[in-house]
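Here's the structure we're looking at; comments come further down.
The values are calculated or read from the model by the stated rules, or taken from the named source; none is laboratory data. Note that the structure is a prediction, hence the values are computed from the model and not measured. Quick reminder, even Gly has a Cβ in these numbers, built from the backbone with ideal geometry, and neighbours come from all protein chains shown. The accessibility values were calculated without ligands, DNA or RNA, using every heavy atom of the protein model including side chains. Shrake-Rupley method; radii C 1.70, N 1.55, O 1.52, S 1.80 Å.
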Amino acid sequence: MFTAFIQSIKALRSNPVRTMLTTLGIVIGIATVILVLSAGEGFRSLINSQLEAFGTNTLFVETRVPPTTKNRGAGAASNDQSRARSPVAITSFKNRDVEDIKRLPNVKNAYGMVVGQKVTSYQNTAKNVIVYGASSSRFDIDKGKLSKGRFYSMAEDTGGAQVIILGSQLAEDLFRDENPLDKLVRIGELNFQVIGVYEPRGGLGGNEDSVIYMPINTAQKKLLGIDYLLFAIVEVKDQDLAAATAEDIRLVMRHNHNIDADNPDKDDFFVQTQADALNTFNTIFNGITILLIAIAAIALIVGGVGIMNIMYVVVTERTSEIGLKKALGAKENDILNEFLIESVLVTVLGGIMGILAGAFLGWIVSLIAKSANLAWTFSVPLYSIAIGFGVSASIGMIFGVLPARAASKLDPVEAMRYE
């Protein structure tokens, strides 16, 4: 076996260009697998950081359009799983709902939020900016930190004070090198005083560094002209009771909104725990991962077929050599092992190169993500490396066995006559 191994290495080294081209399909396939799994770990770290920004023991309550008879018939999911978006505004979620939720035994704190979009300007700079209105309770739950200034108080919240906190990128866009604290920024038709600037936060679904936060009463009454909420964040005391607390919140919301508890399809809200959010994300991302790995598998199969064809060519080129070896006493198993080892070496070499290429591309993706202020952690899971080696070696054996068998079955006399 050792002799066959040495012979295989010599054969590969004798034609390095062909060896490299033979491995190309394997390199592409394995690199894709490593990249997908590495990016998956980075994306999971990003999702976890986003959830942690709301607090590690939080629930989400958000408005939704109740499923209609038509979309139920089309298979729309019920209760927490339904997230249908609609231009129809749901106006039933009020501040009193949040206050009632706060009274539940396992609820530590909660705050409601509204979202709008307004033209925001300072001197000659104007931008269309997303504005969040949130109660002052947010600062007891949210993990964001200020680079300068302060948070607004409960008195400013209830009094509808015209004060704002800027995302780091927005502060830079509007003020450049100027200190924004205590400056007046025009939002819509009103002037607001800047009292704080967040540290860079990044974020999905819109960059949180380019938004404005203000007291919820100010946003509702003075800026948006509404009296309802879009969603709320609820902090629980015991995370192990999160599911039970979610059900308690549903009961409170149904009672306040006059919804029959036996008819959850009428719910104009949904409640989601962090575990639910992670499960939803994992379901979606796992589906995407399987799709991408299936595409990579096609590249691996194409690479395997290419290796099989090349090995048949190698057998043809070395027919006389095979005949001479068999004439000198080499057995069929010796010839079979030599060509099989050669095939496996080619694919393992491609696997190593694919692992390195995939890891490098994963690192590039992490740099791009970090440049966008996303909390992306670069890692190459050990299981992905094991998969890379295992798959590449398996392909070498599967697609190399037929050419190796063909070589081992050659008649030594006829082989030596081959030109």
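Give the number of residues within the stretch 164-174 that are touching a Ser or Thr at 6+ places or on another chain (Cβ under 8 Å) and open to solvent by less than 50 Å² (accessible area, probe 1.4 Å).
The qualifying residues number 5.
Do you know which of the residues in the stretch 192-217 that are among the β-branched types (Val, Ile, Thr) and touching an Asp or Glu at 6+ places or on another chain (Cβ under 8 Å) is surrounded by the most Cβ atoms within 10 Å (Cβ to Cβ)?
Residue satisfying both the conditions and the ranking: ILE216.
Taking GLU156 as meeting all but one of (1) assigned to a strand (DSSP E or B); (2) surrounded by 13 or more Cβ atoms within 10 Å (Cβ to Cβ), write down the number of the exception.
(1)
So which of ILE195, ILE216, ILE233 ends up being closer than 19 Å to SER92 by Cα and more than 23 Å from the chain's Cα centre (by Cα)?
ILE216
Would you check which residues across the stretch 193-225 are in contact with a helix residue (DSSP H, G or I) (Cβ under 8 Å, 6 or more places away or on another chain) and over 20 Å from SER137 (Cα atoms) and list them?
Residues satisfying the conditions are PRO200, GLY202, GLY203, LEU204, ASN207, ASP209, SER210.
Kindly establish whether ALA369 is surrounded by 19 or more Cβ atoms within 10 Å (Cβ to Cβ) and within 30 Å of LEU37 (Cα to Cα).
yes
When both residues are 6+ apart or on different chains and their Cβ atoms are under 7 Å apart, which pairs have a first residue that lies in the stretch 149-166 and is closer than 21 Å to THR120 by Cα and at pLDDT below 95, and a second that is open to solvent by 50 Å² or more (accessible area, probe 1.4 Å) and among the charged types (D, E, K, R)?
GLY160/LYS221; GLY160/LYS222
Of the residues ASN286, ASN282, ASN258, which single one is outside any helix (DSSP H, G or I) and farther than 30 Å from GLU342 by Cβ?
Every option except ASN258 fails the conditions.
Evaluate the following for ALA243: is it farther than 27 Å from LYS145 by Cβ and touching a Ser or Thr at 6+ places or on another chain (Cβ under 9 Å)?
So ALA243 passes the test.
Matching residues to (1) assigned to a helix (DSSP H, G or I); (2) of a type in the set (Ser, Thr, Tyr):
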{"position": "ILE352", "(1), (2)": "yes, no"}
{"position": "ILE355", "(1), (2)": "yes, no"}
{"position": "ILE364", "(1), (2)": "yes, no"}
{"position": "LEU367", "(1), (2)": "yes, no"}
{"position": "LYS370", "(1), (2)": "yes, no"}
{"position": "ASN373", "(1), (2)": "no, no"}
{"position": "THR377", "(1), (2)": "no, yes"}
{"position": "TYR383", "(1), (2)": "yes, yes"}
{"position": "SER392", "(1), (2)": "yes, yes"}
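Residue by residue through the stretch 245-282, note down the ones that are β-branched (Val, Ile, Thr) and without any contact (Cβ under 8 Å) to a residue 12 or more places away in the chain.
ILE259, THR280
Which condition number in (1) touching a Gly at 6+ places or on another chain (Cβ under 9 Å); (2) open to solvent by 70 Å² or more (accessible area, probe 1.4 Å); (3) touching a residue at least 40 places away in the same chain (Cβ under 8 Å) is the one that ILE288 fails?
The failed condition is (3).
State which residue is farthest from ALA39 (Cα to Cα) when the search covers only the stretch 263-281 and only residues that are open to solvent by 50 Å² or more (accessible area, probe 1.4 Å) and of a type outside the set (Asp, Glu).
Only one residue tops the list, namely ASN263.
I'd like the full set of residues that are under 24 Å from ASN217 (Cβ atoms), out of contact with any Leu (no Cβ under 7 Å at 6 or more places or on another chain) and assigned to a strand (DSSP E or B), limited to the stretch 128-153.
Within the stretch 128-153, ASN128, ILE130, TYR132, GLY133, ALA134, LEU146 qualify.
Right, PHE139: free of Cβ contacts under 8 Å to residues at least 40 places away in the same chain and within 26 Å of SER49 (Cβ to Cβ) or not?
Criteria met by PHE139.
Considering (1) closer than 29 Å to ARG44 by Cβ; (2) modelled with pLDDT of 90 or more, say which one ILE141 fails and leave the rest.
Against the list (1) closer than 29 Å to ARG44 by Cβ; (2) modelled with pLDDT of 90 or more, ILE141 comes up short only on (2).
Under 8 Å between Cβ atoms, which residue pairs at least 6 apart in sequence (or on different chains) link something in the stretch 172-198 that is in a strand (DSSP E or B) with a partner that is among the hydroxyl-bearing types (Ser, Thr, Tyr) and surrounded by fewer than 17 Cβ atoms within 10 Å (Cβ to Cβ)?
Matching pairs, first to second residue: VAL185/SER121; ARG186/SER121; VAL197/SER147; TYR198/SER147.
Counting only residues that are over 54 Å from the mean Cα position of the chain (by Cα) and part of a helix (DSSP H, G or I), which one in the stretch 311-338 is surrounded by the fewest Cβ atoms within 10 Å (Cβ to Cβ)?
Only one residue fits best here, namely ALA327.
Could you identify the single residue in ASP142, ASP177 that is among the charged types (D, E, K, R), open to solvent by less than 70 Å² (accessible area, probe 1.4 Å) and out of contact with any Cys (no Cβ under 6 Å at 6 or more places or on another chain)?
Within the list ASP142, ASP177, the selection yields ASP142.
So how many residues does the stretch 240-262 have that are modelled with pLDDT under 90 and buried (at least 17 other Cβ atoms within 10 Å of the Cβ)?
2
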